[in-house]
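All remarks here apply to the structure that follows.
None of the figures in this text is laboratory data; all of them are computed from the coordinates on show. From a predicted model like this one, the values you see are computed outputs, not experimental measurements. Here the Cβ positions follow ideal geometry from the backbone for every residue, glycine too, while neighbour counts run over all protein chains shown.
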Amino acid sequence: MALTREQAIEKAVADLSKRRNVAPGDITVLSQDDAQFPNGVLGAPLDGEISMMMITKGWRLVLQTKNDGERFEYRANPQQVRLFQYQGSNFKL
């Protein structure tokens, strides 16, 4: 099933809430911009992952935790949501 932007944001907030052990209400969506990524994995490949090399449209989501003000970037499109460079690694939700 294809994700809407709003569903991608919900998935990102739920993921960050678990990773940082904070309530979803303590996460702010700072931006949710249309974006173009360099490949099918939204420029956020997992270790060893191969993807098609073509411009892929999606959304760049920037979330912030209220307790420490740290920012996190998620990348999404209707097929997937990825956390970009969290503690040095990319993650596919």
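Starting with the fewest neighbours, write out 17, 89 ranked by other beta-carbon atoms found within 10 Å of each beta-carbon.
89, 17
May I ask for the angle, rounded to the nearest 10°, between helix 5-20 and the longest principal axis of the chain, with both axes built from Cα atoms and the value confined to 0 to 90°?
Value to nearest ten degrees: 60.
Would you mind computing, in nm to one decimal, how far apart the modelled labels at residue 57 and residue 21 are, each placed 7 Å from Cα along Cα→Cβ?
4.2
Residue 47 versus residue 70, label points 7 Å from Cα toward the beta carbon: distance in nm?
Simple spin-label model gives 2.0 nm for this pair.
Divide by every residue of the chain the summed helix terms, -39500 (n - 2.57) for each DSSP H run of at least 4, and state the resulting mean residue ellipticity at 222 nm, rounded to the nearest 500 deg cm²/dmol.
After summing the helix terms and dividing by the residues of the chain, the value is -5500 deg cm²/dmol.
Amide H neighbours of residue 59 under 5 Å, at least 5 residues apart or on other chains, H built in the peptide plane: list them.
35, 76, 77
Cα centroid distance between the stretch 73-93 and the stretch 1-71, in Å?
5
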